[in-house]
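See below for the structure under consideration.
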Amino acid sequence: MTDERSEFRADETVTRLLRERFAPPADDSYWHALEVRIMAGIAGADHDAWWQPFGGWVRTGMFAAAASLLLTAMSLRWAGSADAQTLYQAVAASPVETLPVASEGGSASAREATLEYLITH
């Protein structure tokens with residue numbers, strides 16, 4: 001198995017052209033001017049206004065939030081009324097069932113019937 005990197009040879013012409021193109025400026029005035037620009041930007045920057053780039057999005061965001069809130073409220077109201085209507089229809093359609101009720105003064109058979117009902121259901 002051969003290493004592909006060992007077969008790579010640097011092209012001296014390309015290397016020389018890249019070094020010329022990306023070489024740092026030799027003149028000190030460039031570096032001084034760059035430092036002055038950077039320091040002026042830092043000194044004049046409003047550090048509390050990190051949100052400024054988003055200023056144009058405020059109106060769109062508020063509209064989206066309001067639309068989302070309105071749609072959520074409408075869907076919850078519709079879902080709530082649909083659930084209530086379904087529940088009402090289910091209760092109204094179910095037959096009324098009388099349950100045996102045990103009482104203190106009642107007979108033992110009523111208590112037994114209540115116990116049996118609770119166990120079986």
> What spacing in nm lies between the two simple spin-label points modelled at GLU112 and PHE63, each 7 Å away from Cα in the Cβ direction?
Replying inline: 7.7
>> Could you give each residue of segment 61-73 its phi-based ³J(HN,Hα) in whole Hz, using Karplus coefficients 6.51, -1.76, 1.60 with θ = phi - 60°, and x for Gly or Pro?
In response: x, 5, 5, 5, 5, 5, 5, 5, 4, 5, 5, 5, 4
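We did not get these values from a lab; they are worked out from the coordinates using the rules stated. Every value quoted in this text rests on a predicted model; they were computed, and no experiment measured them. FYI the Cβ positions are ideal-geometry reconstructions off the backbone, even for glycines, and counts take in every protein chain you see.
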